[in-house]
Amino acid sequence: MKLCIALDNPSKQENLKLAEELKEYSNDLWMKVGFRSFIRDGHEFLKALKDLGYNIFLDLKLYDIPNTMADAAEEIAKIGVDMFNVHASSGKRAMSEVMKRLEKFEKRPLVLAVTALTSFDNEEFKKIYGSDINTKAKEFAKNAYESGLDGVVCSVWESMDIKNITNKNFITLTPGIRPFGEDAGDQKRVADIKTAKEKMVDFIVVGRPIYKSKNPKEIVEKILKEIK
Ligand code: C5P
């Protein structure tokens, strides 16, 4: 299992300070760059993280018509990030087109599909998607698998079911991790590290419990010890 840190700080300086502080662990860590950082700090920020030796997960959750998604995927691959994601609800045609477009790259990024956001509870999810989370997350995961993607973003609670209906090597990346029982914030389907391990999760994403902590390095060291 690998740790991916969500760099959702309000400023580039704070994100870089955290990345520099954790540099000695850069081989073991992935940095997740999402809307906030990418919109504000762009490619230069990604380059700074690369220079520090980190693997980068660009979390832009693409959702559009197939051709537009494939165009965006091609540009993302050119940046040289290590992983990015799309919404599984964009459909099999769009996901397949993304994978087809990436064939020309000798080394392409891993591509994951978002199943259900971890901030949804079942009731809220049902109102939008007309189905309970577990059923729909599995259906989305199967579509992503059949479209040639490398894995999915899901909650810990769906990870094992998804592996069972796809493949044990199909990656599950799970946000909503509260390593040692920290506050859930807006997340609804949270879990701790022990559960993530039991459910065979490949990547845990941790944001606020690390970057809002008074001693982020200490927390990261504790997590790394626990996931070894
Ligand atoms: O602060 P916290 O640990 O809740 O951060 C979780 C991160 O994972 C956020 O950056 C959020 O955008 C992202 N994410 C999520 N649920 C998904 C996909 C991504 O929470 N399904």
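The numbers here are math on the coordinates, done by the rules we state, and not lab data. In this text the structure is predicted, and so the values were computed from the model without any measurement. As a convention, Cβ positions derive from the backbone with ideal geometry for all residues, glycine included, and neighbour counts pool all protein chains shown.
The table for this structure:
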{"read-out": "Computed FRET value (nearest 0.05) for K12 with K168, which takes r as the C-beta separation and R₀ as 45 Å", "value": "0.70"}
{"read-out": "Amide H contacts of L110 (H built 1.01 Å from N, under 5 Å, at least 5 apart or other chain)", "value": "M83, F84"}
{"read-out": "Sequence ranges 132-141, 44-53, ranked by mean other-Cβ count within 10 angstrom, highest first", "value": "132-141, 44-53"}
{"read-out": "Phi to ³J(HN,Hα) by Karplus 6.51 cos²θ - 1.76 cosθ + 1.60 over segment 114-128, Hz, x for Gly, Pro", "value": "6, 8, 10, 4, 6, 7, 7, 9, 4, 5, 4, 5, 4, 4, 8"}
{"read-out": "Amide proton proximity set for L62, modelled H, under 5 Å, gap of 5+", "value": "N85, V86, H87"}
{"read-out": "Ascending count of other beta-carbon atoms within 10 Å, so fewest first, for Y54, Y145, Y25", "value": "Y25, Y145, Y54"}
{"read-out": "Residues R101, R208, sorted so that the one with the fewest Cβ neighbours within 10 Å comes first", "value": "R208, R101"}
{"read-out": "Cleavage-rule hits, GluC sites (Glu not before Pro), segment 78-116, DSSP coil, Cβ neighbours within 10 Å at most 10", "value": "E106"}
{"read-out": "Under 5 Å, built H, 5+ apart or other chain: amide partners of K32", "value": "I5, A6, L7, F57"}
{"read-out": "Neighbourhood charge, 13 Å Cβ-Cβ cut-off, centred on K2 and excluding it, Lys, Arg +1 and Asp, Glu -1", "value": "-1"}
{"read-out": "Relative contact order (percent, whole number), the chain, Cα cutoff 8 Å, 6+ residue spacing", "value": "20 percent"}
{"read-out": "Cα shape, the chain, gyration tensor, a/c 1.5 rule", "value": "oblate"}
{"read-out": "Ordering of 155-167, 176-188 by packing [mean C-beta count within 10 Å, highest first]", "value": "155-167, 176-188"}
{"read-out": "Likely footprinting exposure, M31, M69, fewest C-beta neighbours within 10 Å first", "value": "M69, M31"}
{"read-out": "Out-of-range pairs (alpha-carbon distance over 26 Å; input K50/K138; K2/K214; K107/K199; K2/K138; K61/K136)", "value": "K50/K138; K107/K199"}
{"read-out": "From phi via Karplus (6.51, -1.76, 1.60), per-residue ³J(HN,Hα) for segment 7-22 in Hz, x at Gly/Pro", "value": "8, 9, 5, x, 9, 4, 4, 5, 5, 5, 4, 5, 4, 5, 4, 9"}
